[in-house]
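Colleague: For reference, the structure I am asking about is given below.
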Amino acid sequence: MVTSVMTQMVSRLLLLPTLVAAAAVLVKGYVDTGDGFNAGVIAALGVLLQYVAFGYREAERLLPIRYAPIGGVVGGLLIALAVAFLPVASGQPILTHSPHQARRSSTSGHWRF
């Protein structure tokens, strides 16, 4: 499959904003509608665009996709363990939600933390 240089350049320029938008949808789920499924779909579309624009071999060469499952599994497991057991270190029950419902979350403009 042959694509133009313009298509390849636009697809490379759209990859980072697509991944940032996916991360924003994932983080937004903390205070509003948004979740991992939607974020995964957005990120997958960004990566799929690379495969369509460059072809399989060139996209494999440009994207370190083959190493992502290893890092993703290890990173996800570490994050899950941290979320589960960090409250235990401060004397609270496992999987305690923070901030508690009675306490207001911090804000910066429209962002809530």
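The values are calculated or read from the model by the stated rules, or taken from the named source; none is laboratory data. Small disclaimer: the values here were computed from a predicted structure and weren't measured. All Cβ positions, glycine included, derive from the backbone under ideal geometry; neighbour counts span all protein chains shown.
Colleague: Return the pairs, sorted by first residue and then second, in which the second residue is modelled with pLDDT under 85, the first residue lies in region 54-77 and is assigned by TED's automatic domain parsing to the domain that holds GLY36, the beta carbons are less than 7 Å apart, and the residues are 6+ apart or on different chains.
Modeller: Every condition considered, the pairs that remain are PHE54/LEU62; GLY55/MET1.
Colleague: Now for a separate question. Among the residues of region 44-66, are any of a type in the set (S, T, N, Q) and modelled with pLDDT under 85?
Modeller: Among the residues of region 44-66, not one is of a type in the set (S, T, N, Q) and modelled with pLDDT under 85, which makes the answer no.
Colleague: Can you find a residue that is surrounded by 10 or more Cβ atoms within 10 Å (Cβ to Cβ), modelled with pLDDT under 90, of a type in the set (Val, Ile, Thr) and not in a helix (DSSP H, G or I) anywhere in region 23-34?
Modeller: yes
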